[in-house]
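Here's the structure, in structure tokens; my notes come after.
The values are calculated or read from the model by the stated rules, or taken from the named source; none is laboratory data. Small disclaimer: the values here were computed from a predicted structure and weren't measured. In this analysis, Cβ positions are derived from the backbone assuming ideal geometry, glycine residues included, and neighbour counts consider all displayed protein chains.
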Amino acid sequence: MTPSDAPFDDHADQSAQANQAADERLSAQLAGLRPVEPGPGLRSRIAAELPLPGADSFETLARRRRVPVGERLAWAAGGAVAASLVFLLGGVVPSGREQAPVAAVTAVDSVPAAAARPSQVRDEALSWSDEGIRFVDEFTPARVLRRKVIERHVAGDGTAEVRVPREDVIFLPVALR
Amino acid sequence: MAKSDPDWQTWYDAHAARLVLYARQWLPERADAEDAMQAGFVKFWRSRSRPEAADLPLLFTAVRTAALDLAKARRRRTGREQRAADTAPTAWWDGDTLAERERADVVARAIAALPLEQREAIVLRIWGGLTFAEVARTLDENINTVAARYRAALTKLRDLLPEACHDAE
């Protein structure tokens with residue numbers, strides 16, 4: 001820098017500093033303005049789309065409970081085979097209620113004790129779906145879940161299995177702030 | 001999910017108002033801006049189950065994308081006349097007194113007169129609370145470009161706003 005440049009540079013520096021100070025004052029003033037808060041409905045609308053705090057997402061639940069297709073097919077085939085065996089071994093194919101022979105009543109008496117034991121029932125969850133938050137009545141919001149289940153009824157002696165599809169609708173209470 | 005994980009309500013409480021303000025740069029109507037905020041917020045939260053503070057620019061980006069999409073759809077629907085009407089912003093900031101609300105209105109009109117890229121820089125920096133690096137990440141721009149836009153915006157605002165707005169306490 002030559003001596004003749006000094007006054008010009010000093011002036012430029014002062015001007016830049018003054019601008020910077022003015023910018024800082026203005027930005028501080030602007031920062032004092034509070035953005036308008038969104039309407040109360042916005043939170044509820046988002047709540048209807050997102051999992052509740054502290055709860056597993058239902059996608060996660062569904063993933064965790066998902067049974068591979070091959071395994072499901074194997075279970076279905078097993079059930080069908082078991083049902084066929086029951087009919088084949090029993091040697092009786094029902095042909096209608098009206099024609100049921102009276103002798104069948106006596107056949108019940110001859111069922112082995114093991115088969116007469118109550119069957120075990122196990123639920124096998126196939127899928128979960130989250131239908132979001134709905135109002136059960138005017139003031140009661142609830143998250144609605146739908147669960148598809150296969151009930152597996154296994155006879156006491158383990159010789160037969162019946163698979164019954166079922167759908168559950170579950171209401172979970174929620175609190176909307 | 002562990003109990004210590006941040007939940008979306010915490011993020012909502014901290015950022016909802018500033019996200020809606022940001023969306024209003026494309027969607028002056030509050031209801032439209034809230035729709036865009038909702039779409040962006042939900043998309044962000046679904047894509048990141050455990051967001052961290054460093055992810056904040058991505059949240060602004062998600063809301064920006066949603067606002068641009070919605071603005072495009074609105075433009076198709078409403079046409080030029082409505083767009084002209086939209087250039088006058090309705091309340092962007094709260095004020096406890098009439099004087100504060102009037103001042104907020106003057107500032108809103110001045111900011112609405114800025115070019116969009118300068119407006120974005122100033123809204124993200126001042127009310128979004130982002131650093132220049134975060135603003136740059138939100139906009140996918142160079143940090144120097146963003147800083148230059150911010151300074152240009154302040155310079156223009158000094159011209160557009162009456163002195164009373166610079167010095168009001």
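The table below gives the values:
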| item | result |
| --- | --- |
| Any chance B:THR97 is over 24 Å from B:ALA31 (Cβ atoms) and at pLDDT 90 or above | no |
| Subset of segment B:114-145 [more than 18 Å from B:THR65 (Cβ to Cβ) and of a type in the set (A, V, I, L, M)] | B:LEU114, B:ILE122, B:ILE126, B:ALA133, B:ILE143 |
| Enumerated helices (runs of 4 or more DSSP H) restricted to segment B:122-169, each holding at least 2 residues that are at pLDDT 95 or above | B:132-139, B:143-160 |
| Only listed residue being at pLDDT 55 or above, within 28 Å of B:ASP35 (Cβ to Cβ), part of a helix (DSSP H, G or I) and at the interface with chain B (Cβ under 8 Å from one of its Cβ atoms), chosen from A:ARG25, A:ARG43 | A:ARG43 |
| Pair list, Cβ under 9 Å, 6 or more apart: segment B:61-81 residue among the small types (Gly, Ala, Ser), other residue modelled with pLDDT of 75 or more and not in a helix (DSSP H, G or I) | B:ALA67/B:ARG24; B:ALA67/B:GLN25; B:ALA67/B:TRP26; B:ALA67/B:LEU27; B:ALA71/B:TRP26; B:ALA71/B:LEU27 |
| Residue within segment B:46-54 that is under 25 Å from B:PRO115 (Cβ atoms) and touching a residue at least 40 places away in the same chain (Cβ under 8 Å) present | no |
| Close pairs (7 angstrom Cβ cut-off, 6 or more residues apart or separate chains): within 14 Å of another protein chain (Cβ to nearest Cβ) and hydrophobic (A, V, I, L, M, F, W, C) in segment B:111-127, surrounded by fewer than 20 Cβ atoms within 10 Å (Cβ to Cβ) and assigned to a helix (DSSP H, G or I) anywhere | B:ILE111/B:ARG119; B:LEU114/B:LYS156; B:ILE126/A:SER27; B:ILE126/A:ALA31 |
| Number of the exception - B:PHE60 against (1) modelled with pLDDT under 95; (2) surrounded by 17 or more Cβ atoms within 10 Å (Cβ to Cβ) | (1) |
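This table checks each residue for (1) closer than 28 Å to A:GLY32 by Cβ; (2) within 11 Å of chain A (Cβ to nearest Cβ); (3) at pLDDT 90 or above.
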site: B:ALA2; (1), (2), (3): no, yes, no
site: B:ALA14; (1), (2), (3): yes, no, yes
site: B:GLN25; (1), (2), (3): yes, no, yes
site: B:ASP32; (1), (2), (3): yes, no, yes
site: B:ARG48; (1), (2), (3): no, no, no
site: B:ALA66; (1), (2), (3): no, no, yes
site: B:ALA71; (1), (2), (3): no, no, yes
site: B:ASP86; (1), (2), (3): yes, no, no
